[in-house]
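What follows is a single structure, written as C-alpha cells, with notes after it.
Every number in this text was worked out from the coordinates using simple rules, so none of it is lab data. In this text, all values refer to a predicted model and were calculated from it rather than measured experimentally. Here the Cβ is made from the backbone with ideal geometry for all residues, glycine too, and neighbour counts use every protein chain on show.
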Amino acid sequence: MRGVVLHAPGDVRVENREDPRMEQPSDAIIRVAAACVCGSDLWPYRGIEAVNQPTPMGHEYVGVVEEVGAEVTTIKPGQFVVGSFFASDNTCEICQAGYQSRCVHAEPVGAIGTQAQYARIPLADGTLVATPDQPTDDLIPSLLAASDVLGTGWFGAVAAEAGPGKTVVVVGDGAVGLHAVLAAKYLGAERIIAMSRHADRQKLALEYGATDIVTERGDDGVAKIKELTNGLGAHSVVEAVGTQESMMQAIRTTRPGGHIGYVGVAHDVQLPGDELFFAEVHLLGGPAPVRRFLPELVDLIVRRELDPGKVFDLTLPLEQAAEGYQAMDQRRAIKTLLRP
C-alpha cells in the first residue's frame with residue numbers, strides 16, 4: 001500500500017509500505033477513506049520533535065472495515081467507522097471514568113500511521129464507532145474531524161466548563177481552537193472570544209460562533225481580555241497551542257475560580273508555582289479522550305447539526321501529502337485533508 005513517511009524535518013514522502021496484517025484478535029483492518037495532517041504532525045516536521053528514523057505518519061482517520069479479529073463483536077466488515085487517535089478498550093476503570101486516552105491498554109494510533117491506504121486499528125470494539133449508514137461524500141470531512149480535532153476542541157471546551165452564562169476565551173486559532181469555538185457555542189456559552197491574527201481563521205471562528213476577535217498576544221492579549229471582562233478575566237479558557245506563551249496567556253486571562261481546558265500538546269511548558277498558586281484557577285487537560293465524545297459527535301454530524309469539516313480548506317490526493325504539510329507549515333492552509 002501507499003503511505004506517508006517522514007524521513008527528516010521537512011522531508012515527507014509517499015512510499016510503498018507493507019500492508020497491515022492482523023496482529024491481535026481484537027484488531028480490525030480498515031480501508032482508509034480519508035486522513036489528514038494534524039497540527040501536532042508539524043512538530044516533528046519542523047524539527048521541534050526529533051525524527052530519528054523514517055516514521056509513518058497520521059493518527060486521524062475514517063474508513064470502511066475490511067476485516068475484524070475473532071474477538072471483535074460490535075464492529076463488522078463493510079461498516080463505515082470513525083476512530084480515536086488513541087486505541088482503547090473502553091471497558092477499564094479509566095475508560096469508564098471518561099478518560100479513554102489514558103486507558104490501561106491504550107495504544108497511540110500515530111505509531112501505526114493512518115495517512116495511508118489501509119490501517120490496522122487495535123482494540124477495535126473500544127476504539128471505533130460505526131456510522132448508522134454509509135455516509136454521503138460531503139459528510140466525510142466532518143466525520144474525519146471527529147477523529148481528533150473536533151473531539152479535542154470539544155474536550156477543551158468541556159474541561160473549561162464552557163456553558164450558559166459563561167465567557168469563553170480560546171487561545172489558538174488552528175483547527176482545534178476553531179472547534180473549541182464550535183463546541184463552546186453548542187454548549188451554550190454566552191460570549192466566545194477567539195484569539196487570532198489570521199483573517200481566514202477569524203472568519204471561520206465567527207461562523208462557528210465567536211462573538212469577539214482579539215488579535216493581541218502575550219501581555220497585550222491578557223490586557224485586552226481583562227478589558228472585555230470588566231477586569232475579571234474569563235470564566236472558561238481553552239488553551240489549544242501548547243507553548244509557554246500560550247499557557248501563561250491562558251492562565252492570566254482566567255478569572256479566579258475559572259476553568260482552563262488545555263489541549264495543545266505541551267512543549268517545554270513550565271508553570272511558575274507562585275503565580276499558579278495565587279491565580280486560583282482550575283486546570284484540566286491532556287490528550288483528549290475523543291472516544292468519550294465520538295458517539296454524540298457522529299450523531300450530530302450525521303444529523304447535520306454540526307459542520308466541523310469546514311476547517312479543511314485544502315484537499316489533496318495522498319500522493320501530494322508533502323504539499324499538504326508545507327501548506328499548513330506556511331499557514332496557507334488551516335488543515336489538509338488527504339484522499340488515499
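Quick look at the values:
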quantity: Gyration tensor (alpha-carbon) shape descriptor, region 198-323, a/c threshold 1.5; calculated: prolate
quantity: Segments 310-317, 47-54 sorted - mean Cβ within 10 Å per residue, highest first; calculated: 310-317, 47-54
quantity: Interchain or long-range residues, amide H under 5 Å from Thr336's placed H; calculated: Val37
quantity: Longest to shortest principal axis, alpha-carbon extents of region 57-214, angstrom; calculated: 52, 36, 29
quantity: Cα pair distances in the chain, grouped into 20 Å bins until the bin that holds the longest one, percent each; calculated: 33, 58, 9
quantity: Phi-based couplings in Hz for region 115-131 (Karplus 6.51, -1.76, 1.60; Gly and Pro marked x); calculated: 7, 7, 6, 9, 8, 8, 10, x, 6, 4, 4, x, 9, 9, 10, 7, 7
quantity: Linear extension gain, Gln134 paired with Asp329, 0.36 nm per residue minus alpha-carbon span; calculated: 66.9 nm
quantity: Computed Rg/Rh of region 262-340, alpha carbon atoms with Kirkwood Rh; calculated: 1.11
quantity: Among 215-228, 320-333, the order from most to least packed when residues are scored by Cβ within 10 Å on average; calculated: 320-333, 215-228
quantity: Rounded to 5, the percent of DSSP beta bridges in the chain classed as antiparallel; calculated: 55 percent
quantity: Computed [θ] at 222 nm, deg cm²/dmol, the chain (DSSP H ≥ 4; -39,500 (n - 2.57); rounded to nearest 500); calculated: -8000 deg cm²/dmol
quantity: Cα-based Lys pair tally, region 182-340, threshold under 16 Å, eight or more apart or on separate chains; calculated: 5
quantity: Placed amide H near Tyr262: partners under 5 Å, 5+ positions off or other chain; calculated: Glu239, Leu284, Gly285, Gly286
quantity: 3J(HN,Hα) from dihedral phi, region 154-170, Karplus parametrisation 6.51/-1.76/1.60, rounded to Hz, x for glycine, proline; calculated: 5, 4, x, 5, 5, 5, 7, 6, 5, x, x, x, 9, 9, 10, 10, 10
quantity: Pairs of alpha carbons in region 1-93 whose separation is greater than 14 Å (percent); calculated: 72 percent
quantity: Spatial separation of Cα centroids for region 124-185 and region 1-53, in angstrom; calculated: 22 Å
quantity: Cα convex hull of region 142-231, projected area averaged across orientations, nm²; calculated: 5.5 nm²
quantity: Built amide H within the under 5 Å cut-off of Ala189, gap 5+; calculated: Gly163
quantity: Table column - 3J(HN,Hα) (Hz), region 65-80, Karplus curve with 6.51, -1.76, 1.60, x for Gly and Pro; calculated: 5, 9, 7, 10, x, 5, 8, 7, 10, 9, 10, 10, x, x, 6, 8
